[in-house]
Amino acid sequence: MIVYPVPVEVTQARIQLLVDQTAKAPPNTINEDLKAVYDAKSQAVQAQVNQHANQHVRQPVERRVEHPAEHVEQHSLAEPTALVDVKV
C-alpha cells in the first residue's frame, strides 16, 4: 500500500481546528476550521490525482494498466476520511 505524506496545508488546518476547539471557540469558528480542513484535504487529493494522471498519460501504451480497478486499489489513500463530532 502506498502511503502519501500529509501536505503542510492539511496539517496547519488541523492544528488551527485543535487550537480553536481547545480554546472553546464559537461554533461558527469551529465550522470554518472544519471546512478549511476538508478543503485542504480535497485540494491535496486533487493535486495528487492530477499528478498521477499526468504520469500515466506520459507512459507508453504497452506499460499502461490492463485492470484499472486493481490499479486504483494500489493507490488508495492511507488515511480514511472521518467526521469530527463537535459538541456545542
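The values are calculated or read from the model by the stated rules, or taken from the named source; none is laboratory data. Predicted model, so just to flag it, every value in this text is computed and none were measured. Positions of Cβ are generated from backbone atoms using ideal geometry, with glycine treated the same way; all protein chains shown enter the neighbour counts.
Within region 4-14, if we keep just the residues that are outside any helix (DSSP H, G or I) and surrounded by 12 or more Cβ atoms within 10 Å (Cβ to Cβ), the residue that is modelled with the lowest pLDDT turns out to be Y4.
Pairs linking a residue in region 43-56 that is touching a residue at least 12 places away in the same chain (Cβ under 8 Å) to a residue that is part of a helix (DSSP H, G or I), with Cβ atoms under 6 Å and 6 or more positions apart or on different chains, are A44/V10. Condition test on Q48, is it modelled with pLDDT of 65 or more and in contact with a Phe, Trp or Tyr (Cβ under 7 Å, 6 or more places away or on another chain)? For Q48, the condition - modelled with pLDDT of 65 or more and in contact with a Phe, Trp or Tyr (Cβ under 7 Å, 6 or more places away or on another chain) - is met.
Scanning region 15-48 for residues that are within 12 Å of the chain's Cα centre (by Cα) and buried (at least 16 other Cβ atoms within 10 Å of the Cβ) yields A36, V37, A40, K41, A44. Among the residues of region 29-44, at least one is on the phi < 0 side of the Ramachandran plot and modelled with pLDDT under 90.
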